[in-house]
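The values are calculated or read from the model by the stated rules, or taken from the named source; none is laboratory data. Since the model is a prediction, treat every value here as computed from it, not as a measurement. With ideal geometry, Cβ positions are generated from the backbone for all residues, glycine too; neighbour counts draw on all protein chains shown.
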Amino acid sequence: MALSRVVDVDDTIVAIGSSTAPATRGVVRLSGPNSMSVAVRFGIQPQSDRRAHRVDTQIDLGDPLGQVPVRALIWPSGRSYTGQPSLELHTYGSLPILNAIVRGALAHGCRAARPGEFTLRAFLAGRLDLTQAEAVLGVIDADHRGSLDHALRQLAGNLSRPLESLRSELLDLLADVEAGLDFVDEDIQFISDQDLVERLTVIIAAVETTRDQLSQRTRDKSEWIVALRGLPNAGKSRLLNALAGHDAAIVSDVAGTTRDVVSVPIQIQNHPLVFIDTAGIETVQGQSALEQISQQAQIQASRAGREADIRLWCVDRSSADWQSTCQAMHHQAADKRRAAIDLWVATKSDSVTSGPPPAPWIATSGLTGDGIDTLREELVAQIEQLDQSETDSVAGTAARCAGSLQAATTAIQSAIDYVNQDDGHEYVSSELRLAAAALGEVTGAVYTDDILDRVFSRFCIGK
């Protein structure tokens, strides 16, 4: 996609904005200055020229489709995703109907949108920065909760906000340095060399931390953390021993045997995992020594669950309250921060004769070994999927930003060296400009056609 053909934002563009597979609902999106006139030509009369609103009506698509019901979502002003007048037509998710609407819009003066053009317009309008635009792609491509969580955090600005703050501080320091150059004959100092070096040292450390974090996301994990969660005496420790192939955890019929988290490294099909056996989930109140220990055990168990890549939710299949416990564990999983993967394990299934549990529960027995191989296979399948999606969801951002972040750290270090060597603030000013520009490339405060091409060419049409 050549950017020079895309930034013609005065065109009104149209594309199917939903999946082209058969579905209950489908969406056609329009954006551009003529969106409202196109709506009128479809027979849709906007009810306001300022605020966003909805119009339920029908449009005529001609023979053989005839009248089709649509729900028109109308943004008549610039307060839309793209920062332009916009229109979404929601109707049946039938490809012939959606294509007919697009053809009608083209006949009314629209142009077919190019890949990523809606999000590109959102970026150019200041609605998103570049890392957030890449996060939109991550949300679209997410195939499980873990990769979706990563993309949503980036979309919320968890990457761009700290970098913009650092860039702002660099620009403040640059202003102080250049102000001092302007008044060098008057011997006025707007910032001392010591203060300048101290603040630059803090900035370079923060930039390097961000660079290292992004670099980690593009490399294979050295190990995957798997936390076993469930009620007391749910069979977690016996299950862990079965997976490990040896007695790694104490097994007892007495509930609450596990207090401290027990970490056991296990290799499964060349994948390094660390299994963490946690205390059974329970509510502990009181201030006795034993109760305080139990409360700390619950805190540690909850933390292990939050930090895990995978959680195995274990429920005793032989318990009389199997159904209610399953519901309670699902509630626990939904109430806490979701890990990348949740697997549901029916333990002690050797004691049950009523058949296998319903999906997605995996029937296992730590005593007989039944279902352990199935659980191992599912763990490997989920890890391989997670490994790929962890990389894919941020690979574009990490790869694009690596050079810019390295350039920023190099420039800041050069500025520090110039100050320490008393080489003159002219050189310091030049390096600070380079560093600020490099950070600006990450968020899109500074961009080139090539940078935008690399970001938006990976999008599909309609996004």
Margin query: Being modelled with pLDDT under 80 and outside any helix (DSSP H, G or I) narrows it down to one residue among G355, G366; which is it?
Written below: G355
Check: Which residue pairs have Cβ atoms closer than 8 Å, lie 6 or more positions apart in sequence or on different chains, and pair a first residue in region 99-122 that is free of Cβ contacts under 8 Å to residues at least 60 places away in the same chain with a second residue that is in a loop (DSSP other than H, G, I, E, B)?
Finding: A100/L61; A100/G62; A100/L65; A122/Y81; A122/T82; A122/G83; A122/L128
Margin query: Looking only at residues that are surrounded by fewer than 17 Cβ atoms within 10 Å (Cβ to Cβ) and either in contact with a strand residue (DSSP E or B) (Cβ under 8 Å, 6 or more places away or on another chain) or in a strand (DSSP E or B) (or both) in region 22-47, which one is modelled with the lowest pLDDT?
Written below: P22
Item checked: Matching residues in region 431-463 - criterion: being at pLDDT 85 or above and exposed (fewer than 15 other Cβ atoms within 10 Å of the Cβ) -> none
Check: Got a number for residues in region 306-352 being over 23 Å from P272 (Cβ atoms), of a type in the set (D, E) and either at pLDDT 90 or above or crowded, with 16+ Cβ neighbours inside 10 Å (or both)?
Finding: 2
Margin query: Which of the strands (runs of 3 or more DSSP E) found entirely inside region 212-305 contain at least 2 residues meeting this: buried (at least 20 other Cβ atoms within 10 Å of the Cβ), modelled with pLDDT of 85 or more and assigned by TED's automatic domain parsing to the domain that holds W361?
Written below: 224-230, 271-277
